[in-house]
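Encoded as structure tokens, the structure appears first; notes follow it.
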Amino acid sequence: MSAASVERPHGDRPLTAEANRLMDRNPGYRVEILGGSVIVTPPPNVAHARALSRLRRPFFTAGLDGGETEVLEGVGLCLPTGSEDYAVPDLVVVDADIEDHLVENNCYDPGCFRLVLEVTSSNYQTDLRTKVAAYAEARIPVYVIVDRRHQRLHVLTEPLGDEYASHRVHAPGELAVLPDSIGAKVTLDVDEILKAGWPTAS
């Protein structure tokens, strides 16, 4: 799965209008605006979806999907990096009252997000660089990256400016313990998640 960047079109047409046009013309694609550019990502492959499926389980088991929080996919997150910037993380843990914090264009205030999680594809540099800065500036408390290309799981915490003060990298065979600030104790089995995200067909 690779991402394409679309420069600002000629004229005064807002980027959000261009992003919405691209979503209408490409059902199933993820469209985001990062740093003033529209990023279009094709639908995920099976291995990506399988890794995401494995990742949901520990959050559900911990009781985060109900009560004070919800575990969701495909939720728009407003970003402070540009007037029209927004992202659509693969998985999020959000406050249960998130619907009260709609900003615009089906995107929500970053203050409702306790955790965002991305599973990398061929556009892995966006998740490992661009989104690190964007999520830190949005003060997202916990950012988890499943880096399928390099077979690592990153846990970033303590946003400070456009970076995270704490960045722990976990290898296969390790357990990644997430901060209690997300609302419950969650431990991720790095080996299980990375194996699920590796294509089984050659």
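The values are calculated or read from the model by the stated rules, or taken from the named source; none is laboratory data. Everything numeric here is computed off the predicted structure, so don't read it as measured data. Because the Cβ atoms are built from the backbone with ideal geometry, glycine has one as well, and the counts that use them run over all protein chains shown. The protein model used for the area step is the full one, side chains on, heavy atoms only, and it has no ligands, DNA or RNA in it. Shrake-Rupley method; radii C 1.70, N 1.55, O 1.52, S 1.80 Å.
State all residues of the stretch 21-48 that are part of a helix (DSSP H, G or I), open to solvent by 20 Å² or more (accessible area, probe 1.4 Å) and over 22 Å from Phe113 (Cβ atoms); if no residue qualifies, say none.
Looking only at the stretch 21-48, we keep the residues that are part of a helix (DSSP H, G or I), and these are 21-25, 46-48.
This time we only want the ones that are open to solvent by 20 Å² or more (accessible area, probe 1.4 Å), so: 21-25, 46.
Result: Arg21, Leu22, Asp24, Arg25, Val46.
Against the condition closer than 24 Å to Thr81 by Cα and part of a strand (DSSP E or B), how does Thr126 come out, does it pass? Before the answer, list the steps.
On the way: closer than 24 Å to Thr81 by Cα: yes; part of a strand (DSSP E or B): no.
No.
Report, by residue number, each residue of the stretch 97-123 that is part of a helix (DSSP H, G or I) and open to solvent by 40 Å² or more (accessible area, probe 1.4 Å). Walk me through it before giving the result.
Taking the stretch 97-123 as the starting set, the residues that turn out to be part of a helix (DSSP H, G or I) are 98-101, 110-112.
Hits for the stretch 97-123 are Glu99, Asp100, His101, Gly111.
Filter the stretch 162-171 down to residues that are open to solvent by 50 Å² or more (accessible area, probe 1.4 Å) and not in a strand (DSSP E or B), then give me how many there are.
First, pick out the residues of the stretch 162-171 that are open to solvent by 50 Å² or more (accessible area, probe 1.4 Å): 162-163, 165, 167-169.
Narrowing further to those that are not in a strand (DSSP E or B): 162.
Result for the stretch 162-171: 1.
Could you grab the pairs with beta carbons closer than 6 Å, sequence gap of 6+ or different chains, first residue in the stretch 122-138 and over 17 Å from Pro43 (Cα atoms), second one outside any helix (DSSP H, G or I) and open to solvent by 50 Å² or more (accessible area, probe 1.4 Å)?
Ala133/Asp162; Ala134/Thr81; Ala136/Asp162; Ala136/Glu163; Glu137/Pro80; Glu137/Thr81; Glu137/Asp162; Ala138/Pro80
So in the stretch 175-202, with the set limited to residues that are assigned to a strand (DSSP E or B) and among the β-branched types (Val, Ile, Thr), which one is least open to solvent (accessible area, probe 1.4 Å)? Walk me through how you get there before you give the answer.
Here is the first cut: in the stretch 175-202, the residues assigned to a strand (DSSP E or B) are 175-177, 187-189.
After this cut, where a residue has to be among the β-branched types (Val, Ile, Thr) as well, the list is 177, 187.
On the way: Val177: 101, Thr187: 68 Å².
Restricting to residues being assigned to a strand (DSSP E or B) and among the β-branched types (Val, Ile, Thr), the top hit is Thr187.
Which condition breaks for Asp127 when tested against (1) at pLDDT below 95; (2) open to solvent by 10 Å² or more (accessible area, probe 1.4 Å); (3) under 14 Å from the mean Cα position of the chain (by Cα); (4) among the charged types (D, E, K, R)?
(2)
Please verify whether Ser53 is open to solvent by 20 Å² or more (accessible area, probe 1.4 Å), closer than 23 Å to Val155 by Cβ and polar (S, T, N, Q), treating the condition exactly as stated.
On the way: open to solvent by 20 Å² or more (accessible area, probe 1.4 Å): yes; closer than 23 Å to Val155 by Cβ: yes; polar (S, T, N, Q): yes.
Here the answer is yes, as Ser53 does meet what is asked.
Do you know which residues across the stretch 56-90 are in a helix (DSSP H, G or I) and either under 20 Å from Asp109 (Cβ atoms) or open to solvent by 30 Å² or more (accessible area, probe 1.4 Å) (or both)? Give the steps one after another, and end with the answer.
Applying the first criterion (in a helix (DSSP H, G or I)) to the stretch 56-90 yields 56-61.
Answer for the stretch 56-90, where residues must be in a helix (DSSP H, G or I) and either under 20 Å from Asp109 (Cβ atoms) or open to solvent by 30 Å² or more (accessible area, probe 1.4 Å) (or both): Arg56, Arg57, Pro58, Phe60, Thr61.
Take the stretch 1-58 and flag every residue that is at pLDDT below 90 and of a type in the set (Asp, Glu).
Glu7, Asp12, Glu18, Asp24
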